[in-house]
Amino acid sequence: MVEKAKKIWLDGKFVDWDAASVHILTHTLHYGLGVFEGIRCYLCADGRSAIFRLREHVDRLFEGAHVMFLNIPFTREEILGGILETLRVNGQKAGYIRPLVFIGDGAMGLHPQNNQVRVAIVTWPWGAYLGEEGLAKGIRAKVSSHIRHHVNIMMTKTKTCGNYVNSILAKLEVTKDGYDEAIMLDTEGYVCEASGENIFIVRHGRMKTPPLTSILPGITRDSVMTIARDQGFVVEEQRFSRDELYMADEVFFTGTAAEITPVREVDRRTIGQGQPGPVTRKLQEVFFQVVKGSRPEYQQWLTYV
Ligand code: PPE
């Protein structure tokens with residue numbers, strides 16, 4: 001259960017948490033055309049709160065909306081301000097932020113016509129996405145039989161609501177089989193991303209992650225590539241097959257919710273020593289320092305609340 005906050009930002013106004021309901025004919029509820037974001041705010045070592053890469057998340061929301069013909073009736077600055085205000089009115093020092101752009105009720109049918117484009121901003125506390133133990137010791141993943149979207153079926157670089165049915169199918173399939181997370185292949189059979197995370201492998205000290213062809217351009221992925229290169233690691237954006245996954249010394253996922261989650265097993269093959277490897281651990285260490293404001297060289301990524 002999501003822990004309730006006091007207020008939700010809905011179409012530019014604050015409403016009580018329990019009053020933030022929509023009509024059953026809300027277009028997005030029926031057909032899935034909407035875009036959303038997932039952003040984290042961290043409590044810093046100095047007691048302040050900082051939102052990680054806020055500007056980039058708001059930009060991705062607007063780019064996705066543009067691709068999806070959703071005309072957001074607010075400016076980027078208004079959404080940015082709305083996010084900051086929502087955390088402030090709720091007195092939240094840390095947590096997850098979910099902006100959602102959706103089509104309201106009015107006309108039905110696949111043409112949304114003049115239905116209002118609506119925006120909500122919701123904030124709630126969210127701990128480790130795949131569990132505290134998963135974050136510390138690594139999780140067990142399975143390659144799903146559900147393949148990721150083809151670039152001409154869905155718009156794979158957007159966080160479109162409907163895209164996630166594919167992720168949910170994969171997640172349900174593997175969790176019913178006892179695994180923690182689903183790894184998905186692209187339409188050509190190469191490793192693509194996880195249900196809600198990007199993926200990296202490490203082999204012989206070199207890091208590899210799939211290119212942006214048909215995946216979400218993860219903001220954590222981008223941050224981890226920058227941090228890794230600054231740490232002197234070699235990172236290549238190159239596609240790879242599932243046997244390369246099995247042979248990897250280390251595998252980890254990146255995402256706003258998942259942060260940097262080590263993977264200790266894939267399809268019943270132990271990865272490396274079956275525990276987070278040295279590269280993953282180093283990147284986790286630096287990443288958490290960065291998001292909590294104790295790395296001056298990455299201050300430009302933080303927006304203080
Ligand atoms: N791929 C997918 C498919 C994805 O959903 C996410 C984020 C990522 C990669 C990583 O992107 P980024 O957060 O910019 O590093 N998944 C969001 C959804 C989580 C949810 O279950 O809801 C997230 O991490 O916020």
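The values are calculated or read from the model by the stated rules, or taken from the named source; none is laboratory data. No experiment lies behind these values; they were computed from the predicted model shown. Virtual Cβ from ideal backbone geometry, glycine too; neighbours counted across all protein chains shown. Remember, those area values only see protein heavy atoms, side chains included, never the ligands or the DNA or RNA. Shrake-Rupley method; radii C 1.70, N 1.55, O 1.52, S 1.80 Å.
General remarks:
- Here region 67-189 is treated with +1 on each Lys and Arg Cβ and -1 on each Asp and Glu Cβ, and its dipole about the Cα centre works out to around 120 debye.
- Under 5 Å, built H, 5+ apart or other chain: amide partners of Val266: Ala141, Ile271
- Summary of the geometry: region 21-42 and region 163-214, compared by the centres of their Cα atoms, lie 23 Å apart.
- Mean separation of Cα contacts under 8 Å (6+ apart) over length of the chain, as relative contact order %: 20
- Where trypsin sites (Lys or Arg not before Pro) fall in DSSP loop in region 51-153, at most 16 other Cβ within 10 Å: Lys93
- The angle between the Cα long axis of helix 76-90 and the main principal axis of the chain comes to about 90°, on a 0 to 90 degree scale.
- For the chain, the dipole from Cβ point charges (+1 on Lys and Arg, -1 on Asp and Glu) about the Cα centre works out to 320 debye, to the nearest 20.
- Given 13 as the ceiling on other Cβ atoms within 10 Å, longest exposed-site-free region of the chain for GluC sites (Glu not before Pro) in DSSP loops: 4-187
- Ordering Gly38, Pro99, Leu302 by Cα displacement along the dipole of the chain toward the positive end leaves Leu302 in first place; charges were set at the Cβ atoms of Lys, Arg (+1) and Asp, Glu (-1).
- Cα shape, region 55-189, gyration tensor, a/c 1.5 rule: oblate
- Note on the chain: antiparallel DSSP beta bridges, both residues inside, total approximately 80 percent of the bridges counted.
- Degrees separating the helix 54-67 axis from the principal Cα axis of the chain, which is the longest one: 70
- Rg over Rh [alpha-carbon atoms, Kirkwood Rh] for region 7-124: 0.99
- Under 18 Å of direct C-alpha separation, and excluding same-chain neighbours fewer than eight residues apart, Lys171 reaches these lysines: Lys142, Lys159.
- Relative to the longest principal axis of the Cα atoms of the chain, the long axis of helix 164-176 makes an angle of roughly 50 degrees.
- Taking trypsin sites (Lys or Arg not before Pro) across region 216-305, the ones in a DSSP loop with at most 11 further Cβ atoms lying within 10 angstrom of their Cβ are Arg268.
- Surface share of carbon and sulfur [accessible, 1.4 angstrom probe, percent] for region 132-291: 49
- Calculated over the chain, the projected area of the Cα convex hull averaged across directions stands at 15.4 nm².
- 3J(HN,Hα) along region 177-189, derived from phi through the Karplus expression 6.51 cos²θ - 1.76 cosθ + 1.60 where θ = phi - 60°, amounts to 8, x, 9, 8, 8, 9, 9, 10, 9, 7, 5, 9, x Hz, with x in place of Gly and Pro.
- The chain, accessible area per residue, ligands and nucleic acids excluded (1.4 Å, Å²): 45
- In this structure, the residue pairs whose Cα-Cα separation is over 19 Å, taken from Lys137/Lys282; Lys4/Lys93; Lys208/Lys282; Lys93/Lys292; Lys13/Lys292; Lys6/Lys93, are Lys13/Lys292.
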